[in-house]
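Everything on this sheet refers to the single structure shown next.
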Amino acid sequence: MDLKAICVLSVILVVALSTLAEGMTSSTRCQCKLAPSERRNCGYPGISAEECKKAGCCFNASVPGIPWCFAPKAKRVTKVCPNDPYLRVNCGFPGITAKECERKGCCFRAHPAGVPWCFYHRTVEE
């Protein structure tokens with residue numbers, strides 16, 4: 001293979017690996033607090049703690065006979081109506097009623113003046 005082809009393949013490999021790395025997120029401590037019986041295997045036999053964490057998984061080798069590298073708990077997400085009126089994103093139209101707004105699945109608060117009264121929920125991770 002000539003040098004030009006090797007360079008092109010190297011660039012493709014670097015781009016592919018960086019794209020894969022962007023998709024991985026590390027788990028938070030509370031997501032890794034699972035009872036041993038709830039652990040779902042996330043690695044392979046002999047995986048190191050570093051490799052496991054790089055894969056976005058949790059690692060705990062304190063209990064023999066169960067997965068040490070395991071999938072974290074799913075993040076809990078809730079919808080809330082923002083308290084700050086200036087964070088509201090309009091979901092309705094002038095004169096919309098509370099009932100019409102709620103049918104659209106939005107929040108409704110008829111105060112203060114000058115901000116949307118019908119507005120979208122905000123998603124919050126717990």
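The values are calculated or read from the model by the stated rules, or taken from the named source; none is laboratory data. None of the values given here were measured: they were computed from a predicted structure. We place every Cβ from the backbone using ideal geometry, glycine too, and count neighbours over all the protein chains shown. Ligands, DNA and RNA are stripped out before the accessible areas are found, and what is left, the full protein with its side chains, is counted by its heavy atoms. Shrake-Rupley method; radii C 1.70, N 1.55, O 1.52, S 1.80 Å.
In sequence order, what are the phi-derived ³J(HN,Hα) couplings for the range 56-65 according to the Karplus relation 6.51 cos²θ - 1.76 cosθ + 1.60 with θ = phi - 60°, rounded to whole Hz, with x for glycine and proline?
Taking θ as phi minus 60°, the curve returns x, 9, 9, 9, 8, 9, 7, 10, x, x Hz for the range 56-65.
For the full complex of protein chains and a 1.4 angstrom probe, list 29, 76, 39 by accessible area with the highest value first. Write down the numbers at each step before the final one.
Details: 29 210, 76 155, 39 25 Å².
Correct descending sequence by accessible area is 29, 76, 39.
Taking a cut-off of 17 Å between Cα atoms, list the lysines near residue 54, but don't count ones fewer than 8 places away on the same chain.
73
Using the Karplus equation 6.51 cos²θ - 1.76 cosθ + 1.60 (θ = phi - 60°), what ³J(HN,Hα) coupling, rounded to whole Hz, does each residue of the range 80-87 give in order, writing x for Gly and Pro?
Each residue of the range 80-87 in turn: 10, 8, x, 6, 6, x, 7, 9 Hz.
For the pair residue 121 and residue 54, what calculated FRET efficiency results from E = 1/(1 + (r/R0)^6), where r is the Cβ-Cβ distance and R0 = 41 Å, to the nearest 0.05? Before the final figure, lay out the partial values.
Details: r = 34 Å, r/R0 = 0.83.
Rounded to the nearest 0.05, the efficiency is 0.75.
Accessible area per residue for the range 25-74 in Å², computed with a 1.4 Å probe and the full protein assembly in place, what is it? Intermediate values should be presented prior to the final figure.
Values: 3360 Å² over 50 residues.
That works out to 67 Å² for each residue.
Using the Cα atoms of the range 25-74, I'd like the radius of gyration and the largest Cα-Cα distance, Dmax, both in angstrom.
In order Rg, Dmax, the Cα atoms of the range 25-74 give 9.5, 27 Å.
Quick one: length gained pulling residue 61 to residue 41 fully straight, 0.36 nm per residue minus the C-alpha distance? Before the final figure, lay out the partial values.
Numbers: separation 20, 0.36 × 20 = 7.20 nm, distance 1.25 nm.
Gain on stretching residue 61 to residue 41: 6.0 nm.
Going by amide H atoms built from the backbone, whose H comes under 5 Å of the H on residue 57, apart from near neighbours?
Counting only residues 5 or more places away or on other chains, the set is empty.
Based on alpha-carbon atoms only, what is the radius of gyration of the range 77-125 relative to the globular estimate 2.2 N^0.38 Å?
Values: Rg = 10.2 Å, N = 49, 2.2 N^0.38 = 9.7 Å.
Taking N as the residue count of the range 77-125, the ratio is 1.06.
Using a 1.4 Å probe, how large is the accessible area of residue 100, given in Å² and rounded to the nearest 10?
Result for residue 100: roughly 70 Å² accessible.
Taking the Cα-to-Cβ direction at residue 78 and at residue 33 and moving 7 Å from each Cα, how far apart do the two end points lie in nm?
About 1.6 nm, to one decimal.
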